[in-house]
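Input: a single structure, listed below in structure tokens.
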Amino acid sequence: IERKPLLDTLGQVLAQDVRAPEPIPPFDNSAMDGYAVRAHDVAQASKTSPVTLKILESIPAGYVPTRSVGPARATRIMTGAMMPEGADAVVRVEDTRSEGEHVDILAPVAVSENVRRAGESVSREQCVLTKGTCIRPQELAMLASINCSEVTVIRRPIVAIVSTGDELTPLGEPLEPGKIRDSNRYGIYGQVAEAKAIPLDLGIVKDDADALERKLAEAMQQADALITSGGVSVGDYDVVKEVLLRMGEINFWRVAMKPGKPQAYGFIQGKPVFGLPGNPVSSLIVFELFVRPALLKMGGDTQLFRPIFSAQLRHDLINDTNRLNFMRAIITQEGDRFFASTTGPQSSGNLHSLVLANGLIHVPPNAHLKQDEHVQAQWLE
Ligand code: AMP
Ligand code: MG
């Protein structure tokens, strides 16, 4: 946990209950611009037979009344201004007609009408926010309203990101034959930040076990978690497996999903490690489905998964693999119904299929679906 200035805590999770040291509102005040009166005095007031009261003073918000409101008296009062002694209700200015030192009241009010009582919203020592609450703008406002300028929250995890591959070329350098750009690091960086964690970009490492081990050791010193990209498959140069196994407890999984079959999860020095596949779409989707919830959980969030809903297919669809297929989709809403179409070619190297997508549809293994059939869907934004 960490204690930090209120404005720096947006999106973080409270590490302890917060009690109000003072009531809200702190004093009885007017909910309207109008006249503070004794309700009894104006019980018979109407448009045709107004009740005339003498005006004692005018109180703007932020000031303290000096006169007590006695029989047949009224005090002009603004929204948020302190109620004067003696008055027990406020008549809206719309229900009055003012003539110099006097005001005609054109409608009755009940006792306490248009008055906000001290402690009405929050009483002293009331627990206003509980441990585990995610701080949204309304929580920032609530914390400010009870003078909480510093907040104890769960720290955002620092997440090291390392790309692996001899073929990877940093941006700005000329592309030699056989090489490609390292795009995964950028996608993962954005996903880490969106999962409210702090990305730590550690660059590219060659498919060389010793170099990788040195880099990952450096990562574990600086970060709370590690994400690698590439090298977890069964290729000859997939050294990530070997190095992760040397350094910690890692399980290599073949998940029956498409894209993203090979993945690695485990711990090094007690810190979570996520080995993502190298294919650009696989990397982004495996992060979305497996790493994002884990990072949110590390940050104290309890709402870890995106809502799943049902969408109607706009076209026939085939998944002829025996893996659950997460297809990139364009999802639209019409009334209370959702519709989905895929973004076209779905190869795991085709980043464009994700750029066009605003959601994923979950297509079961060996499914031959017809237009208008329903699939499970989720937003990607
Ligand atoms: P790998 O998982 O290392 O076998 O890589 C699978 C595929 O993803 C290969 O075509 C790699 O060139 C590609 N790839 C691996 N890492 C990256 C990366 N950081 N950015 C873009 N493509 C990558
Ligand atoms: Mg590789």
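So Pro60 ticks every box in (1) buried (at least 16 other Cβ atoms within 10 Å of the Cβ); (2) within 14 Å of Ala81 (Cα to Cα) but one. Which box is left unticked?
The failed condition is (1).
Restricting attention to segment 215-231, report how many residues are within 16 Å of ligand 2 (Cβ to nearest atom) and open to solvent by less than 10 Å² (accessible area, probe 1.4 Å).
5
Taking the residues in segment 319-372 that are in a loop (DSSP other than H, G, I, E, B) and free of Cβ contacts under 8 Å to residues at least 12 places away in the same chain as candidates, determine which candidate is most open to solvent (accessible area, probe 1.4 Å).
Selected residue: Asp336.
Can you run down the residue pairs with Cβ atoms below 7 Å, 6 or more apart or on separate chains, where the first is in segment 137-160 and within 13 Å of Arg19 (Cα to Cα) and the partner is among the aliphatic types (A, V, I, L, M) and part of a loop (DSSP other than H, G, I, E, B)?
From residues that are within 13 Å of Arg19 (Cα to Cα), the pairs are Ile146/Ala20; Thr152/Ile1; Thr152/Ala15.
Can you tell me which residue is surrounded by the most Cβ atoms within 10 Å (Cβ to Cβ) among those in segment 182-209 that are of a type in the set (Lys, Arg) and within 14 Å of ligand 2 (Cβ to nearest atom)?
Arg185
Got a number for residues in segment 275-292 being away from ligand 2 (no atom under 16 Å from the Cβ) and either open to solvent by less than 20 Å² (accessible area, probe 1.4 Å) or not hydrophobic (A, V, I, L, M, F, W, C) (or both)?
5
Of the conditions (1) crowded, with 20+ Cβ neighbours inside 10 Å; (2) more than 10 Å from ligand 1 (Cβ to nearest atom), Ser149 satisfies every one except a single condition; which number is it?
Going through (1) crowded, with 20+ Cβ neighbours inside 10 Å; (2) more than 10 Å from ligand 1 (Cβ to nearest atom) one by one, Ser149 breaks only (1).
Is it the case that Arg306 is outside any helix (DSSP H, G or I) and within 22 Å of Leu10 (Cα to Cα)?
yes
Among the residues that make up segment 136-144, is at least one of them within 16 Å of ligand 1 (Cβ to nearest atom), out of contact with any Asp or Glu (no Cβ under 9 Å at 6 or more places or on another chain) and modelled with pLDDT of 95 or more?
no
Specify the residue that is most open to solvent (accessible area, probe 1.4 Å); the eligible residues are those in segment 129-143 that are assigned to a loop (DSSP other than H, G, I, E, B) and not charged (D, E, K, R).
Among those that are assigned to a loop (DSSP other than H, G, I, E, B) and not charged (D, E, K, R), it is Thr130.
So for segment 169-190 (the condition being under 16 Å from the mean Cα position of the chain (by Cα) and more than 30 Å from Pro21 (Cα to Cα)), does at least one residue qualify?
Yes, segment 169-190 contains a residue that is under 16 Å from the mean Cα position of the chain (by Cα) and more than 30 Å from Pro21 (Cα to Cα).
Taking the options Leu212, Leu245, Leu295, name whichever one is more than 12 Å from ligand 2 (Cβ to nearest atom) and crowded, with 18+ Cβ neighbours inside 10 Å.
Leu295
The values are calculated or read from the model by the stated rules, or taken from the named source; none is laboratory data. Keep in mind that this is a model prediction, so the values were computed, not measured. Note that we place each Cβ from the backbone using ideal geometry, even for glycine, and neighbour counts take in every protein chain shown. Surface accessibility is based on the protein's heavy atoms, side chains included, excluding ligands, DNA and RNA. Shrake-Rupley method; radii C 1.70, N 1.55, O 1.52, S 1.80 Å.
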